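The values are calculated or read from the model by the stated rules, or taken from the named source; none is laboratory data. Note that this is a predicted model, so its numbers are computed, not measured. Neighbour counts are summed over all protein chains in view; Cβ atoms, including those assigned to glycine, are modelled from backbone coordinates with ideal geometry.
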Amino acid sequence: MNARDAIRLAIDSAKFVTLEYLGDLSDEDMLQRPHPECNHIKWQMGHLISSEHQMINAVCPGLMPALPEGFAERYTKETASSDDPAAFDSKADLRRLLEEQREGTLQALAVQSDEDLDKPAPEAMQGYAPTVGDVFSLQGGHWMMHAGQWAVIRRQLNRVPLF
């Protein structure tokens, strides 16, 4: 196994957990908050998709699929407090965009050499992802960090624990 394989395994594992947690949730369920001061799943998914697009595009310019017009603007810190269902994309659209962006991420990862992964990340990212390899590795970890909140929401909604 090489570095790209290990990074891909972590990204794929996070996607598996994410999709399992979302599997039986409705659009309405995805607006539930684990705590009044926490973000709901719809906002978190949009944030994760937008973040992945931005981060991978920063280290591999032009390799990520475009996001729909206005998508990133719907998932900012300023929109996080909204509970308006019309302000966010549907579960189906979020899942589709996750798949599109993830495919772009994995294609970008596949063309990185070991030397590329060791290159410094853009300066703005170096506090949390010092190298290009760290930026790719962060994609799995970022999704898993948010998915931890989704386990709480599943319990609030009386769904069976999955893991």
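Key figures
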| quantity | calculated |
| --- | --- |
| Residue match in the stretch 71-85 (condition: among the basic types (Lys, Arg), surrounded by fewer than 16 Cβ atoms within 10 Å (Cβ to Cβ) and in contact (Cβ under 8 Å) with a residue 12 or more places away in the chain) | no |
| Given (1) touching a residue at least 60 places away in the same chain (Cβ under 8 Å); (2) part of a loop (DSSP other than H, G, I, E, B), number of the condition Leu63 does not satisfy | (1) |
| Residues located in the stretch 29-47, provided they are under 25 Å from Ala124 (Cα atoms) and part of a loop (DSSP other than H, G, I, E, B) | Asn39 |
| Residue match in the stretch 78-92 (condition: touching a Gly at 6+ places or on another chain (Cβ under 7 Å), modelled with pLDDT of 95 or more and closer than 14 Å to Trp43 by Cα) | yes |
| Test set (1) within 17 Å of Ala14 (Cα to Cα); (2) in a helix (DSSP H, G or I) - Phe163 fails condition number | (2) |
| Tally, over the stretch 14-28, of residues that are without any contact (Cβ under 8 Å) to a residue 12 or more places away in the chain and either buried (at least 21 other Cβ atoms within 10 Å of the Cβ) or in a helix (DSSP H, G or I) (or both) | 1 |
| Residues located in the stretch 105-145, provided they are assigned to a helix (DSSP H, G or I), surrounded by 12 or more Cβ atoms within 10 Å (Cβ to Cβ) and without any contact (Cβ under 8 Å) to a residue 40 or more places away in the chain | Asp116, Asp118, Asp134, Met145 |
| Residue match in the stretch 26-47 (condition: farther than 21 Å from Ala151 by Cα and either modelled with pLDDT under 95 or among the acidic types (Asp, Glu) (or both)) | no |
| Filter result for the condition that a residue is in a helix (DSSP H, G or I), among the acidic types (Asp, Glu) and under 15 Å from Ser50 (Cβ atoms), over Glu78, Glu69 | Glu78 |
| Conditions (1) modelled with pLDDT under 95; (2) crowded, with 21+ Cβ neighbours inside 10 Å; number of the one not met by Gly148 | (2) |
| Lone unmet requirement of (1) touching a helix residue (DSSP H, G or I) at 6+ places or on another chain (Cβ under 7 Å); (2) modelled with pLDDT of 95 or more; (3) surrounded by 14 or more Cβ atoms within 10 Å (Cβ to Cβ) for Leu63 | (2) |
| Whichever residue in the stretch 48-59 is crowded, with 19+ Cβ neighbours inside 10 Å and in contact (Cβ under 8 Å) with a residue 60 or more places away in the chain and, among such residues, is nearest to Pro120 (Cα to Cα) | Val59 |
